[in-house]
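Participant: I am attaching a structure below and will ask some questions about it afterwards.
The values are calculated or read from the model by the stated rules, or taken from the named source; none is laboratory data. These numbers were taken from a predicted model, which means no experiment stands behind them. Neighbour counts are summed over all protein chains in view; Cβ atoms, including those assigned to glycine, are modelled from backbone coordinates with ideal geometry. Note: accessible area is taken over every heavy atom of the protein model, side chains too, but ligands, DNA and RNA are not part of it. Shrake-Rupley method; radii C 1.70, N 1.55, O 1.52, S 1.80 Å.
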Amino acid sequence: MQIYLPIAEVSVNAFLLLGLGGMVGILSGMFGVGGGFLMTPLLFFIGIPPAVAVATEANQIVASSFSGVLAHFKRKTVDLKMGCVLLVGGLIGAALGVVVFNYLKSQGQVDLLVRLCYVVFLGIIGSLMFIESLNAIRKSRKNTGPVKRKKHNWIHGLPFKMRFRVSGLYISVIPPVIVGVCVGILAAIMGVGGGFIMVPAMIYLLGMPTKVVVGTSLFQIIFVTGFTTLLHATTNYTVDIALAVLLLVGGVIGAQIGTRIGTRLKAEQLRILLALMVILVCAKLALDLLLQPTELYSLGAAGGH
């Protein structure tokens, strides 16, 4: 069943989009990630223009993050004060990212930038996750205790300190704002929530307890991706609602299935599977950039060159 996407200006099988949404939803439920860093490249592969894929996927992340953060509010594992500090940086980063995105779009370079960003980030993240997962599996076989992270580092010596009672921290607001800015830029340019960078940064850089990290990250992501979607919709007109709805329906169903599967596998096994998947997507994107396309030329808009 073909459906025409008015903003993307392509016809795509509706069941294929539902299937992609469901597959990424399963991964989201299994691994506890938003799935934007996998869904956006998959949209590239089926012919969705990168500019539309980025803006529309940011829209989908708002809904999936909102449903996730409600569960964390019930468990009281959201640090609202830390979330607001991260949000300030996130909104600044999102605005900067959209400005860069718009400039590159006007120069005709946005597709290349988005693809290169994905190759670099997925390559780095996938490799680090794979190495970390292998080390975790080796340690679990040796039955050694978990490695304790240092409670104090150079970050605790920075000025402008604030007390975050839920996280049990008394640290400078500078590092959380910088983390927020980085995630905001990624959300605008890559169409991701940024959780795959924010969560490790909150645990290892800021020293936040793991149980509070996911809920606080989701709280910040809702507003940053919502703001990013609004900016893309009003300045670029690249948000395709028909595409977003189909992906969202598939994602909601898939997330329920993924949650059940995830409870049956060990954490180390889940992480290594996700790492392999990230590396495969990265390799496919890199290959597409390096190989000569089947069509060397394409028709542009009227008045173009």
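Participant: In the stretch 30-55, which residue that is buried (at least 24 other Cβ atoms within 10 Å of the Cβ), among the small types (Gly, Ala, Ser) and under 20 Å from Val69 (Cα atoms) is modelled with the lowest pLDDT?
Facilitator: Across the stretch 30-55, the extreme among qualifying residues is Gly34.
Participant: Within the set of pairs 6+ apart or on separate chains, which have a first residue in the stretch 218-233 that is outside any helix (DSSP H, G or I), a second that is at pLDDT 80 or above, and C-beta atoms under 9 Å apart?
Facilitator: none
Participant: Please work out which one of (1) of a type outside the set (Val, Ile, Thr); (2) open to solvent by 70 Å² or more (accessible area, probe 1.4 Å); (3) touching a helix residue (DSSP H, G or I) at 6+ places or on another chain (Cβ under 7 Å) is the condition Leu230 fails and give its number.
Facilitator: Leu230 satisfies every listed condition except (3).
Participant: Out of all the residues in the stretch 104-139, which are over 23 Å from Leu285 (Cβ atoms) and either of a type in the set (Phe, Trp, Tyr) or touching a helix residue (DSSP H, G or I) at 6+ places or on another chain (Cβ under 6 Å) (or both)? Spell out the reasoning first.
Facilitator: Initial filter on the stretch 104-139 (over 23 Å from Leu285 (Cβ atoms)): 106, 134-139.
Within the stretch 104-139, Ala136, Ile137 meet the criteria.
Participant: Quick check: anything in the stretch 100-115 open to solvent by 60 Å² or more (accessible area, probe 1.4 Å), among the hydroxyl-bearing types (Ser, Thr, Tyr) and not in a loop (DSSP other than H, G, I, E, B)?
Facilitator: Yes: one or more hits.
Participant: Now, a different point. Quick check on the stretch 194-212. Is at least one of its residues more than 21 Å from Gly126 (Cα to Cα), modelled with pLDDT of 75 or more and in a strand (DSSP E or B)?
Facilitator: Within the stretch 194-212 (the criterion being more than 21 Å from Gly126 (Cα to Cα), modelled with pLDDT of 75 or more and in a strand (DSSP E or B)), the answer is no, since none of the residues qualifies.
Participant: Then there is this: Could you tell me whether Val177 is within 30 Å of Asp79 (Cβ to Cβ) and either modelled with pLDDT of 80 or more or part of a helix (DSSP H, G or I) (or both)? So that I can check it myself, show each step before the final result.
Facilitator: Details: within 30 Å of Asp79 (Cβ to Cβ): yes; either modelled with pLDDT of 80 or more or part of a helix (DSSP H, G or I) (or both): yes.
So Val177 passes the test.
Participant: From the list Leu265, Leu290, Leu273, Leu280, exactly one residue is at pLDDT below 70 and open to solvent by 60 Å² or more (accessible area, probe 1.4 Å). Which is it?
Facilitator: From the options Leu265, Leu290, Leu273, Leu280, the qualifying one is Leu265.
Participant: Let me spell it out: the conditions are (1) open to solvent by 10 Å² or more (accessible area, probe 1.4 Å); (2) more than 21 Å from Pro50 (Cβ to Cβ), and Met202 meets all of them except one. Which number is the exception?
Facilitator: (1)
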